[in-house]
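The values are calculated or read from the model by the stated rules, or taken from the named source; none is laboratory data. Nothing here was measured: the structure is a model prediction, and the numbers come from that model. Every residue, glycine as well, gets a Cβ built from its backbone with ideal geometry; the counts of neighbours run over all protein chains shown. With ligands, DNA and RNA removed, areas are computed over all heavy atoms of the protein, side chains included. Shrake-Rupley method; radii C 1.70, N 1.55, O 1.52, S 1.80 Å.
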Amino acid sequence: MDLFSDDCVISAFSKSEGGLGVLAYAIGEVAAAFGDSKEGTLLVNISAIALMSVDINDWNNGYKPGMVFRDRRSLYYGDLEAGDLELLAEIRGRVPNIAMQARIADVLALKSSGRKRAQYFQEHLDLLLQTAQTGGDWFDDPGVWDRAIETAKRFGKATRQQLTDITHVLVAAVREAFLRNDYLPEAASLLLKHKLAKDEAGDIANGFVAVADSGALAFEQIVFARQLAADWFIYAGDEESANRCRALIIEGFMEHAKALSTSEDCRPERVEHLYSEAYRILKSMPRTERTRLGLEDLENRLPLLEHQSGRAVMEGMRAIKSEPIDIAGTAKDSRQAMSGLSKEVVLHKLAERPVSIEFAETQAIAKELLSGAQLAALLPFRIYSDGIVVATHEALGGQQIYGEDPAVWRTMLDYVDWYVDLMTRAEILPAYHQIALEHQLTLTDFHELTKRMILIPENQEIQYARALYYGYTGDFLSAVQILAPLFESIVRHALQLRGVNTTHKNDGYEDQISLGPLLDKEQVEEIFGKDIVFALRALFTERGYANLRNRSAHGMLIDDEAKGVHSVYAWWFGLWFATRQVQISKDD
């Protein structure tokens, strides 16, 4: 039987709307019907290849697995064996989807060498160009075309025609969007990124100007279109026209800010931001251009307007009110939940108390708090400890921290501090005291738990158990002093299992990277998830906050912190982390 004449297979490959990601799931469903047969394995491999995402920062490897979980990931082209590749090479022309044919050719190129590699790359480019002729969502993934352009550029003369054709296709797409009073910023940005379509730069710039003036776009889109127009004018060598676009952006910011300031639902912080952006763009223009365009008076006006709106923000600050919390009732419920349980169950039940730190929820609360225009969001400030500056935070709109606006990030950490204090007193300590009242747990009881953890190095299981046992005896400070370096070891161990380098050179020697920089590795979030990474940062590494890892390592924890809320919560977090890994291993 020819696999690709099967009606179900043909139907699956016809699901092109939504790109290869949607196609991957359709093929995967059909593959299940073929079981472990040769046909089923082939369909599974094709589904995995369709699901992969382009890695625009790594041309040599090209793609990343489509799905990555804490301890597993989806099939990846690097997992394919020689027989799988031979079969893909044999059937690639019969696959009833041109975009899928192009992806397979690219994978075969990545797994080949010499002349064969170049041939597969050329085939990939030719097939990709065919997808643009079929209509539909051919440009649904800009990363695919970014990679294609880079491929065509790397092979020089051999792929010069394909590079020319890709340029024509993207320029045509941008022009067609203009005709609809729309714009295609991703395609235009790709052309700019790779310095293509130089001869078309002036026309494209004017196209963005026309769309921005058409009245068909929202305010934010108009600003983006004018900025792209300015970028394309600069590419065309027309600085004067670029600065006219910038002047219009400044004018638009000021008009929008004025309208917002008089509206019923005025948000002064938004008004202040608009004036700030207008001033930033103004300062990016040469003084002679500001004078030529009649903008010189704005050098004094804009800072004054920004200052006035900032005052309005502070005057309009309001407190964020929340529902009252019955701490006594919560504490009673927590004690009752621990009462009468066996020692085999009680630690798991304590870990299940609903007090874990969740990234998405904390982020949403932080943004809600900032919408109330709190002073902490509006001004940069420094955090002092023992008379020294330990942290500096920028205001709203400053340089991002871990992908978050600095004001949002700071507010998230502030909320975590409050949350840890509340949950420790209302939930964790009452439950802990009930357990201590009813049970006499030993180090062995905790080792029974830690020896089943799946990510801890084997020679550190007893240390982890000892940390949990110390916390159980009430010595939370000692628990933290052991847990802090152990979490660093666990993160390092998980990264090393992925083949990630965890060392750096120091005076000619190699040193292990500490917990803070380890958490910055992109693979950490793939392994542990956003919630755990955020909790580790909030509890162990963020300067000016709990910072338990660094303060413990440098002897800065004081005796009063033996039963402090951060130490108690960190102990509970260590228990939760241990029981969660045991649960994962059971599920898997």
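List of remarks:
- Averaging the sequence gap over all C-alpha pairs within less than 8 Å and six or more residues apart, then dividing by the number of residues, gives the range 394-514 a relative contact order of 13 percent.
- Rounded if a/c under 1.5, otherwise prolate or oblate - the range 62-111, Cα gyration tensor axes: prolate
- Measuring r between the beta carbons of ARG301 and GLN221 and using R0 = 30 Å, the FRET efficiency lands at 0.70.
- Using a Förster distance of 22 Å, the FRET efficiency for GLN400-ARG73 (Cβ separation, nearest 0.05): 0.25
- Paramagnetic reach from GLN496 (point 7 Å along Cα→Cβ, amide N under 13 Å) across the range 434-478: 456-460
- Stretched out straight at 0.36 nm per residue, the stretch from GLU358 to VAL345 would grow longer than its current Cα-Cα span by 2.2 nm.
- Accessible area of ARG425 (1.4 Å probe, protein heavy atoms only, ligands and nucleic acids ignored): about 140 Å².
- Rounded Å value of the spacing that divides the Cα centres of the range 94-141 and the range 280-307: 50 Å
- Magnitude of the charge dipole, the chain, Cβ model with Lys/Arg +1 and Asp/Glu -1, debye to 20: 860 debye
- Over 24 Å (Cα to Cα) - which of LYS38/LYS111; LYS64/LYS153; LYS195/LYS283 fall in this group: LYS195/LYS283
- Accessible surface of PHE121 - all protein chains present, 1.4 Å probe, nearest 10 Å²: 0 Å²
- Charge dipole (the chain, unit charges on Cβ, about Cα centre) - positive-most of TYR183, SER284, ALA242: SER284
- Per-residue [θ]222 nm for the chain (sum of -39500 (n - 2.57) over DSSP H runs n ≥ 4, rounded to 500): -20000 deg cm²/dmol
- Amide H to amide H distances under 5 Å link TYR63 with ASP55, where only residues 5 or more positions off or on other chains count and H is placed in the peptide plane.
- Per-residue SASA entry for ILE27, accessible area with 1.4 Å probe, Å² rounded to 10: 0 Å²
- For the range 465-559, taking the reciprocal of the average inverse distance between every pair of different Cα atoms yields a Kirkwood hydrodynamic radius of 14.2 Å.
- Rg/Rh for the range 182-284 (Cα atoms only, Rh after Kirkwood) is 1.02.
- Sequence-separation-based contact order of the chain, relative, with Cα cut under 8 Å and 6+ spacing, percent: 9 percent
- Ranking of SER241, SER342 by solvent-accessible surface, largest first: SER342, SER241 (1.4 Å probe, protein heavy atoms only, all chains present).
- Kyte-Doolittle at least -1.0, axis length at least 27 Å by Cα - qualifying DSSP helices, the chain: 114-133, 160-179, 239-261, 476-497, 565-587
- Estimated distance in nm for a label pair at ASP421 and GLN130, the labels positioned 7 Å out from Cα along Cα-to-Cβ: 6.6 nm
- In the calculated pair-distance distribution of the range 1-148, the portion above 24 angstrom amounts to 26 percent of the Cα-Cα pairs.
- Accessible-area ranking of THR291, THR411, largest first, probe 1.4 Å: THR291, THR411
- Heavy-atom surface analysis with a 1.4 Å probe gives the chain a carbon and sulfur content of 49 percent of its accessible area.
- Rounded FRET efficiency, nearest 0.05, which uses the C-beta distance separating ARG580 from THR262 and R0 of 45 Å: 0.30
- Placing pseudo-labels 7 Å out from each Cα toward the beta carbon at ALA436 and ASP560 gives an inter-label distance of 2.0 nm.
- Sorting 253-263, 80-90 by their mean Cβ neighbour count within 10 Å, with the most densely packed peptide first, gives 253-263, 80-90.
- Computed lengthening from SER11 to LYS198, 0.36 nm per intervening residue step minus Cα-Cα distance: 63.1 nm
- With bins 5 Å wide beginning at 0, the percent of Cα pairs of the range 506-560 falling in each bin runs 4, 18, 23, 20, 16, 11, 6, 1, 0.
- D by Stokes-Einstein for the range 151-193, Kirkwood Rh over Cα pairs, 10 °C, 1.306 mPa s: 144 µm²/s.
- In the chain, a dipole from Cβ-located charges (positive for Lys and Arg, negative for Asp and Glu) runs towards its positive end, and of GLY66, TRP232, PRO96 it is TRP232 whose Cα lies farthest in that direction.
- CYS8, CYS245, ranked by accessible area, largest first (probe 1.4 Å): CYS8, CYS245
- Shape box of the range 72-174 [Cα atoms, principal axes, largest first, Å]: 41, 30, 29
- Both radii were evaluated on the Cα set of the range 403-544; the Rg over Rh quotient, with Rh as the Kirkwood radius, amounts to 1.00.
- Counting only lysines at least 8 places from LYS367 when in the same chain, those with an alpha carbon closer than 21 Å to its own are LYS321, LYS530.
- The residues of the chain present an accessible area of 50 Å² per residue when probed at 1.4 Å with all protein chains retained.
- P(r) tail fraction, the chain - alpha-carbon pairs more than 47 Å apart, %: 33 percent
- Whether the range 9-66 is rounded, prolate or oblate, judged on the alpha carbon gyration tensor where a/c under 1.5 counts as rounded: oblate
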